[in-house]
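The values are calculated or read from the model by the stated rules, or taken from the named source; none is laboratory data. Predicted model, so just to flag it, every value in this text is computed and none were measured. A quick note on method: Cβ atoms are made from the backbone with ideal geometry, for glycine too, and the neighbour counts reach across all protein chains shown. With ligands, DNA and RNA removed, areas are computed over all heavy atoms of the protein, side chains included. Shrake-Rupley method; radii C 1.70, N 1.55, O 1.52, S 1.80 Å.
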Protein chains: 2
Amino acid sequence: MKEKHLEKIVHFDKEKIESLDKRFRANFINSVTGYKSANLIGTVGKNGVSNLAIFSSITHLGSDPALLGFITRPTTVSRHTYSNIKETGQFTVNHIHTNIIKQAHQTAARYDGDVSEFEATGLTEDFIGNFKAPFLAEAHIRIACEYVNEYPIKENGTVLMVGAIKDIYLPEDSFTDDGWINLSSVDGVTVNGLDSYAKAELIDRLSYAKPGKDVESILKEK
Amino acid sequence: MKEKHLEKIVHFDKEKIESLDKRFRANFINSVTGYKSANLIGTVGKNGVSNLAIFSSITHLGSDPALLGFITRPTTVSRHTYSNIKETGQFTVNHIHTNIIKQAHQTAARYDGDVSEFEATGLTEDFIGNFKAPFLAEAHIRIACEYVNEYPIKENGTVLMVGAIKDIYLPEDSFTDDGWINLSSVDGVTVNGLDSYAKAELIDRLSYAKPGKDVESILKEK
């Protein structure tokens, strides 16, 4: 179990991290926390222009009420997402799958505010019911969210945005009878660092952990 | 590209989500934001008892300064992590890999405060230099963090904890010349929902996105 641990390990201390080339450090620190979620956030501004932007920071915050969060920086490329959400109070979260990685990555380009990333990248916007924010037609799992709150992170000028989950659309064969969504069944990807995408394959689903009891596989055919 | 999207899609609206069985909803909402990072946080309390706890919410917050965040709930099973960090100001982040999934999952059991999850699960604690918090010997990528701040999320009683990255230990062949860490090279796993683990395999690494320019692979043998 320790074979890799016993390979040559290198140590980056605080001084070394701070002295790294800016691009090296961005790649390094963006990879070092592990795999990240891979989603496209869809919004629309008061000007009527749709926006679609890739985010790797979308995180579960709670199930009751159903809340999610993501980190943004109001002054950078994702500023349209932030300002559109503040204007309309709505956004959509659309899972990235293996077939749309390049288009999803391309949404990170610094398009002007009058350009829709849907049109620029060849992805398809989709409006459902009276929800103002656009969904991504190509995504298999899609979530409609309403803005709830924001928490400015004073240490670096980022903001934790909190959204309430209002609607979820997904294939009926993608989840089990007890509500677990098998993300590999919808070809979900995960982000490694700033620019890399990995395909994830389920290893196992494990029983609820209790002291003194070995965990075991609870995976079963649906 | 749309073959799955055109399968039968089911819709969960707010009322349906709120009326779901509690366990179904927990599984469902914990899976619906996509893949999550898979780490074990190591801490030690004033009482000298080590603690190791699985977290799937560790997220990159910024590279300069190097900051990470995670979500916790001070009143639940992970309370020892929270209270130990408040007591000592230190914690470690240790990547979960394919060979330690069951032990990692087992750390979520509600052990008493005088029980070390290292001992209870058969994992190995490791102290490096004068850093007080224990590292996980079995992990290939290990990070020492100092507590910086906390942001209570008033919507559901969780807390965003912010840590500063002080030290990083990793295999010398796990990252490229430009700082990108290939997480699949160290058998990194990702979390799907509350209880499932997936092995991730790199698909591609893509060039910096610019308007009007197609992204292309920048993957190369090191």
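So the values come out like this:
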read-out: Boolean, B:Gly193 is farther than 16 Å from A:Asn192 by Cβ, more than 7 Å from chain A (Cβ to nearest Cβ) and small (Gly, Ala, Ser); value: no
read-out: Pick from the range A:87-115, criterion hydroxyl-bearing (Ser, Thr, Tyr) and away from every other protein chain (no Cβ under 12 Å), ranking: farthest from B:Leu219 (Cα to Cα); value: A:Thr88
read-out: Among (1) part of a strand (DSSP E or B); (2) touching a Pro at 6+ places or on another chain (Cβ under 8 Å), the one test that B:Asn156 misses; value: (1)
read-out: Test result for B:Gly62, open to solvent by less than 20 Å² (accessible area, probe 1.4 Å) and either touching a helix residue (DSSP H, G or I) at 6+ places or on another chain (Cβ under 6 Å) or more than 22 Å from B:Phe135 (Cβ to Cβ) (or both); value: yes
read-out: Top-ranked residue in the range B:27-86 [being within 14 Å of another protein chain (Cβ to nearest Cβ) and aromatic (Phe, Trp, Tyr); ranked as nearest to A:Gly193 (Cα to Cα)]; value: B:Tyr35
read-out: Whichever residue in the range B:183-200 is open to solvent by 10 Å² or more (accessible area, probe 1.4 Å) and touching an Asp or Glu at 6+ places or on another chain (Cβ under 8 Å) and, among such residues, is nearest to A:Val215 (Cα to Cα); value: B:Lys199
read-out: Matching residues, the range B:169-219, being part of a strand (DSSP E or B), out of contact with any helix residue (DSSP H, G or I) (no Cβ under 8 Å at 6 or more places or on another chain) and of a type in the set (A, V, I, L, M); value: B:Val191
read-out: Whichever residue in the range B:16-32 is among the charged types (D, E, K, R) and open to solvent by 50 Å² or more (accessible area, probe 1.4 Å) and, among such residues, is nearest to A:Glu125 (Cα to Cα); value: B:Lys16
read-out: Every residue from the range A:182-218 that is in contact (Cβ under 8 Å) with a residue 24 or more places away in the chain and more than 18 Å from the chain's Cα centre (by Cα); value: A:Arg205
read-out: Residue that is most open to solvent (accessible area, probe 1.4 Å), among those in the range B:155-180 that are of a type in the set (D, E, K, R) and over 15 Å from A:His11 (Cα atoms); value: B:Asp177
read-out: Unique residue being open to solvent by less than 10 Å² (accessible area, probe 1.4 Å), at pLDDT 95 or above and hydrophobic (A, V, I, L, M, F, W, C) when the list is A:Ala120, A:Ala139; value: A:Ala139
read-out: Test: residue in the range B:70-78 that is open to solvent by 10 Å² or more (accessible area, probe 1.4 Å), within 22 Å of B:Ser174 (Cβ to Cβ) and charged (D, E, K, R); value: no
read-out: Residues (touching a helix residue (DSSP H, G or I) at 6+ places or on another chain (Cβ under 6 Å), closer than 16 Å to B:Asn39 by Cβ and of a type outside the set (A, V, I, L, M, F, W, C)) located in the range B:98-146; value: B:Gln103, B:Gln106, B:Thr107, B:Thr121, B:Glu125, B:Glu138, B:His140
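Residue by residue, here is whether (1) assigned to a helix (DSSP H, G or I); (2) of a type in the set (D, E, K, R) holds:
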position: A:Ala26; (1), (2): yes, no
position: A:Gly42; (1), (2): no, no
position: A:Ser57; (1), (2): no, no
position: A:Ile71; (1), (2): no, no
position: A:Thr76; (1), (2): no, no
position: A:Glu87; (1), (2): yes, yes
position: A:Thr92; (1), (2): no, no
position: A:Asn99; (1), (2): yes, no
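Residue by residue, here is whether (1) open to solvent by 30 Å² or more (accessible area, probe 1.4 Å); (2) within 27 Å of B:Val189 (Cα to Cα); (3) of a type in the set (D, E, K, R); (4) free of Cβ contacts under 8 Å to residues at least 40 places away in the same chain holds:
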| site | (1), (2), (3), (4) |
| --- | --- |
| B:Lys14 | yes, no, yes, yes |
| B:Gly34 | no, yes, no, yes |
| B:Ile54 | yes, yes, no, no |
| B:Leu68 | no, yes, no, no |
| B:Tyr82 | yes, yes, no, no |
